[in-house]
Amino acid sequence: MPLMKFLILCLIISLNLYADKTKKRIHALYIPLADHYAALVAYEKYSSQMKHADFQITQMKNWDLLRAYFQSGEVDMAYVMTPLAIDMFNEKPDFRWIGLMHRDGNALAINALLNKDVKLKDKRADRKPDAQVALALNKAYKEHHKPTQVGLPHLLSTHAVILYKYLKDHNSSISFIPNHKAAVLGISVAPPKAPAFIKIKSAKATPAAFEQSLPWADVVETDGYGKVAWYSKDVMPWKYGHVECISLATNEAIKNKFDALKEVQYYLHKAGEDIEQAKEKGGKSLDEIVKIVRKHIPLHTAKAIKASLRYDLEVINYKHLNIDKPGLKLIMDYAIEGKVLKQGLDIDLFADERFYIEL
């Protein structure tokens, strides 16, 4: 190799090593849900392009572990359901809300014992949150003299809020505490365990359902032991889709790693745009997203991922991921009304709008 080429190569290597050393680590926590697919895509497609951030992601098994790890102060970011994030902020306000991870994106799945009274339509697009499931739950309550258990990812979840609103709209009721008079008892079931929850209840000839993020509701239908009854977007309609999981960053990271955090936020928006384009195009573009997801979350089958990202259903979207204060207030107000949350917060204090991104 000529001397000049060798020297240029050495210079390039030295500059790259220097750039890597000047990058600031941004360590983010996520849960294996369609809610957080944009983080996986951003990590796989764009982390090498980031100039300020050394972006790292860690998957957590459940929400309580994620909460504890984030509140330990050892990580910079976490992607969290709105009511849980509000409760965390009320306990220890050492972080801020900097954006959304997605909009809409959860669904109610029911087992065959409930569906025999509901008789869902064949096409998922035709299934809407009418009174039929609520009537079936009321009937089961009268027949069995106990509430039907519905698995939620956490009691402090947007899913609990959505379910509360649906039941309220159709003259039914829910409690999150045992031994209270209500047609439904909301219980905590970790998302990956939700399909097994339905299976076990069905084997015992017990009516059951779960309200979880995608693709878990799609998993039970594609695998043949449950049905998607309705999607949250139809229960809680909102411009661009209701607020669900939000992006949080610690005050320390905001203070000391602002440029790196904003760069990560930019590529989360970019990854969301990539997913949206893949949904529309299908084919190889969608296969690329599926490959990325399954690399990190092998329990999400290709069939279930594609069912969740169906362009014609549009039941989860990764558009308009900047802070949406009225959208968060909508969820917060219903959460307080439904006793999912004991108290709300000052949204202006909670939100840091300096992370606004325009692609």
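The values are calculated or read from the model by the stated rules, or taken from the named source; none is laboratory data. Here the structure is a predicted model, which means the values were calculated and not measured. Quick reminder, even Gly has a Cβ in these numbers, built from the backbone with ideal geometry, and neighbours come from all protein chains shown.
Kindly indicate the residue of region 54-94 that is among the hydroxyl-bearing types (Ser, Thr, Tyr) and surrounded by 21 or more Cβ atoms within 10 Å (Cβ to Cβ) and also nearest to Lys255 (Cα to Cα) among those meeting that condition.
The first filter runs over region 54-94 and keeps only residues among the hydroxyl-bearing types (Ser, Thr, Tyr), leaving 58, 69, 72, 79, 82.
So of that shortlist, the ones also surrounded by 21 or more Cβ atoms within 10 Å (Cβ to Cβ) come out as 79, 82.
Details: Tyr79: 19, Thr82: 23 Å.
By that ranking, first place goes to Tyr79.
What pairs can you find where one residue is in region 325-340 and free of Cβ contacts under 8 Å to residues at least 40 places away in the same chain, the other is surrounded by fewer than 14 Cβ atoms within 10 Å (Cβ to Cβ) and of a type in the set (D, E, K, R), and their Cβ atoms are less than 8 Å apart, with a gap of 6+ or different chains?
Within 8 Å, the pairs are Lys325/Asp348; Ile336/Lys342.
What number goes with the only condition from (1) on the phi > 0 side of the Ramachandran plot; (2) loosely packed, with under 14 Cβ neighbours inside 10 Å; (3) in contact with a Ser or Thr (Cβ under 9 Å, 6 or more places away or on another chain) that Asp104 does not pass?
Answer for Asp104: the failing condition is (2).
Please tell me if Leu321 is in a loop (DSSP other than H, G, I, E, B), modelled with pLDDT of 95 or more and surrounded by 23 or more Cβ atoms within 10 Å (Cβ to Cβ).
yes
Do we find that Ala249 is surrounded by 23 or more Cβ atoms within 10 Å (Cβ to Cβ), at pLDDT 95 or above, assigned by TED's automatic domain parsing to the domain that holds Asp126 and more than 15 Å from the chain's Cα centre (by Cα) in this structure? Please lay out each step first, then the result.
Details: surrounded by 23 or more Cβ atoms within 10 Å (Cβ to Cβ): yes; at pLDDT 95 or above: yes; assigned by TED's automatic domain parsing to the domain that holds Asp126: no; more than 15 Å from the chain's Cα centre (by Cα): yes.
No; evaluated as a whole, the condition is false for this residue.
Could you check how many residues of region 21-41 are in a helix (DSSP H, G or I), in contact with a His (Cβ under 9 Å, 6 or more places away or on another chain) and farther than 19 Å from Ile316 by Cβ?
Going through region 21-41 one residue at a time, the tally reaches 1.
Every residue, every condition in (1) out of contact with any Phe, Trp or Tyr (no Cβ under 9 Å at 6 or more places or on another chain); (2) modelled with pLDDT of 95 or more; (3) small (Gly, Ala, Ser); (4) crowded, with 19+ Cβ neighbours inside 10 Å, yes or no:
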| residue | (1), (2), (3), (4) |
| --- | --- |
| Thr148 | no, yes, no, yes |
| Leu152 | no, yes, no, yes |
| Ala160 | no, yes, yes, yes |
| Leu167 | yes, yes, no, yes |
| Ser175 | yes, yes, yes, no |
| Asn179 | yes, no, no, no |
| Ala182 | no, yes, yes, no |
| Ser188 | no, yes, yes, no |
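Quick one: which of Ala209, Ala304, Ala217 is buried (at least 21 other Cβ atoms within 10 Å of the Cβ), in contact (Cβ under 8 Å) with a residue 24 or more places away in the chain and in the same structural domain as Ile86 (by TED's automatic domain parsing)? It would help to see each step written out before you state the result.
Details: Ala209 fails: in the same structural domain as Ile86 (by TED's automatic domain parsing); Ala217 fails: in the same structural domain as Ile86 (by TED's automatic domain parsing).
Sole residue among the options that is buried (at least 21 other Cβ atoms within 10 Å of the Cβ), in contact (Cβ under 8 Å) with a residue 24 or more places away in the chain and in the same structural domain as Ile86 (by TED's automatic domain parsing): Ala304.
Please go through region 113-131 and pick out each residue that is free of Cβ contacts under 8 Å to residues at least 60 places away in the same chain and either of a type in the set (Ser, Thr, Tyr) or out of contact with any His (no Cβ under 9 Å at 6 or more places or on another chain) (or both).
The answer is Lys116, Asp117, Lys119, Lys121, Asp122, Lys123, Asp126.
When you scan region 243-286, how many residues do you find that are of a type in the set (A, V, I, L, M, F, W, C) and over 27 Å from Leu313 (Cα atoms)?
Residues flagged as of a type in the set (A, V, I, L, M, F, W, C) and over 27 Å from Leu313 (Cα atoms) within region 243-286 amount to 8.
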